[in-house]
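Peer 1: I am attaching a structure below and will ask some questions about it afterwards.
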Amino acid sequence: MTRMFDSPDAHKFTPDSLEAGSDPFALADPLGESRYRVTPRLIHQYSNRALLKTTGRCFGYCRFCFRRAWIATNQDFIDEAELASVLAYLREHPGIREILISGGDPLTETNDRLDILFAALREARPGIVLRVCTRAPAANPARLTDDSIALFRRWRPLRVAAHINHPKELGGLAGERLAACVDAGIPVHIQTVLLRGINDDAAILAELFQKCLNLGLTPYYLFQLDLAPGAAHFRVPLKQGLAIYAELKSLVSGLALPKYAVDLPGGGGKITLHEGAIAGEEYRPEGRVCLLKGPDGKLWPYPAD
Ligand SMILES: *Cc1c(COP(=O)(O)O)cnc(C)c1O
Ligand code: SF4
């Protein structure tokens, strides 16, 4: 038997009865991606960058995934007809300078298939920055073969955004292969989800981000949990998250400090979190919420607890 996951906390991929708990705040589409959908899989929310859900497959299904509802019904790779629409859209929108190659996990597809996809995107928009968003380093680090790194090099400017939540996920082969990417000239950015009972501790996060620094990886975002169905037991209360982040700041250098951020539920966009971001609190039928100032100046509710 081959071991499917190299990650010591692969338990995050294992279903749990807590998921059946009711969560009045849960949203099937927590980021409101359907509001910004320009083809079924292309999301254009920010003028200069767009996000492509290439596939719904992953190496392991994170139980807190904000796209879990979409993934459940979209396992296959983007088809030719839709890719043609995506390319047409890129040609018509020269403001798009970067594309997030997301999913699912794009690295569940073969390098040959990714090569064809990257070539098509570059042909439609010369010079477009490719951001490959993947959980492979934690879930299947052997996927980052020398051939994969050669593929990344061929399509520079290309950056890897790796989803890593715990220092244990950077142990052994994972850390080694990500460092190999960086050594080959591929910048690697780390995105972390703040998870109750997993990494809701400034010392654990400090260890993670220090490890990133030592390996040459750049901590990028620490995300407050999105409101996916069945994930509420992973949620760290917002004010506790702010306290953890404040402590983290005192433990690591500025280079090791990611931005603490949240996607405003329902499609308000990403904002960074700090004390001043909470404009107030109120009771809603679903429960107590913090009101967060969106980029649009409006107040967006996020559960307080
Ligand atoms: C997060 C996100 C991006 C990328 O935002 P950055 O702040 O550049 O990391 C782009 N598009 C969508 C829809 C996103 O959710
Ligand atoms: S790897 Fe990413 S897309 Fe896949 S289940 Fe985990 S969070 Fe969701």
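Peer 1: Looking at the chain, how many pairs of lysines come closer than 12 Å at the Cα, when each pair is eight or more places apart or spans two chains?
Peer 2: Within the chain, the lysine pair count is 4.
Peer 1: May I pose another question? For a quick check of understanding: with a 1.4 angstrom probe and all protein chains in place, what accessible area in square angstrom does Glu98 have, to the nearest ten?
Peer 2: Approximately 40 Å² for this residue.
Peer 1: Along the charge dipole of the range 22-278, Cβ charges K/R +1 and D/E -1, which of Phe209, Val262, Val132 sits furthest on the positive end?
Peer 2: Of the options given, the answer is Val262.
Peer 1: Ignoring ligands, DNA and RNA, what percent of the accessible area of the chain is carbon or sulfur (1.4 Å)?
Peer 2: Working: 7130 of 13270 Å².
With neighbouring chains kept in place, the figure for the chain is 54 percent.
Peer 1: Find the accessible area per residue for the range 22-278; the probe is 1.4 Å, ligands and nucleic acids are left out, and the unit is Å².
Peer 2: I get 39 Å² per residue for this part.
Peer 1: Still on this structure: Anyone know which of Ala139, Ala202, Ala88 comes out most mobile in the 10 Å Cα GNM of the chain?
Peer 2: Largest GNM mean-square fluctuation: Ala88.
Peer 1: Assign unit charges at the C-beta atoms only (+1 for Lys and Arg, -1 for Asp and Glu), then state the dipole size of the range 216-305 relative to its Cα centre in Debye, rounded to the nearest 20.
Peer 2: Dipole magnitude for the range 216-305 comes out near 140 debye.
Peer 1: Which of Phe59, Phe13, Phe209 ends up with the largest GNM mean-square fluctuation for the chain, with Cα atoms connected below 10 Å?
Peer 2: With Cα springs under 10 Å in the chain, the top fluctuation among Phe59, Phe13, Phe209 is at Phe13.
Peer 1: Given +1 on the Cβ of Lys and Arg, -1 on the Cβ of Asp and Glu, and no further charges, what dipole in debye does the range 22-278 carry about its Cα centre, rounded to the nearest 20?
Peer 2: About 340 debye.
Peer 1: Calculate the FRET efficiency for Leu173 and Leu213 from the Cβ-Cβ distance with a Förster distance of 25 Å, rounded to the nearest 0.05.
Peer 2: In this case the efficiency is close to 0.85.
Peer 1: Give the distance, in whole Å, between the Cα centre of the range 30-91 and the Cα centre of the range 216-259.
Peer 2: Going from one Cα centre to the other spans 25 Å.
The values are calculated or read from the model by the stated rules, or taken from the named source; none is laboratory data. Predicted, not measured: the structure shown is a model, and the values here were computed from it. Neighbour counts run over all protein chains shown; Cβ positions are idealised from the backbone, glycine included. Note: accessible area is taken over every heavy atom of the protein model, side chains too, but ligands, DNA and RNA are not part of it. Shrake-Rupley method; radii C 1.70, N 1.55, O 1.52, S 1.80 Å.
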